[in-house]
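Here the structure is laid out as structure tokens; the discussion comes afterwards.
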Amino acid sequence: PSDEPAPVEPEPAAPRGATPTAEAGHPKSYEHLVADANHALDYGQTAKAQKLFDEALKLQPNGVAAVTGAAYLLLDRQKPLAAIDMFNRALTNAPSFAPALFGVGEAYRQEGQPAKAVAAYKRYLEASPTGSDAPAARRQMRELESQVAAAPPHQDAPPPAPAAATSPPPQL
């Protein structure tokens, strides 16, 4: 994630009966939990960030900013496939949410799928051409486009399953 906190899109109010963490007697809002989690993530406090994102997701299970933050935690833990699923979950609810678009590009890059990473970075730049991650997105695209051009046609496809070992028919 960038040095700036991710913008928080307005989201529906917390469900009734939700009980956010209280600090000095004041309940924390979804937005406050996400901001605190992003701050913790920026400072490498992943366990604290995870706890705060989990609390935010209890308040708003489809909260785009919290889902995106949780996806970045998965990337930090070297779990790009799970991160891709989380980023796509966020993008289902907010298709042009720039932090999720950049993050899914990072996850595809980490997973070794350069064509999908380039496509995600392009979507990020369309949504946020002057965003804080725009220089990184452009740099990643330049590096990955050369890989895509040099790659065999189905670079992003999983490798074929090995053929079953067959022995020659017995000679009688």
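Coordinate-derived values only; no laboratory data. Note that the structure is predicted; figures quoted are calculated from it, not measured.
Going through the cross-link list K28/K116; K48/K79; K79/K122; K58/K79, which pairs have a Cα-Cα distance over 29 Å in this structure?
Exceeds cut-off: K28/K116.
Taking a ≥ b ≥ c as the square roots of the eigenvalues of the Cα gyration tensor of region 38-83, is the shape rounded (a/c under 1.5), prolate (a/b larger than b/c) or oblate?
Oblate, since a/c reaches 1.5 and b/c is not below a/b.
Per residue of region 108-115, what does 6.51 cos²θ - 1.76 cosθ + 1.60 with θ = phi - 60° give for ³J(HN,Hα)? Whole Hz please, x for Gly and Pro, Karplus curve as stated.
Coupling constants for region 108-115: 5, 4, 5, 7, x, 10, x, 5 Hz.
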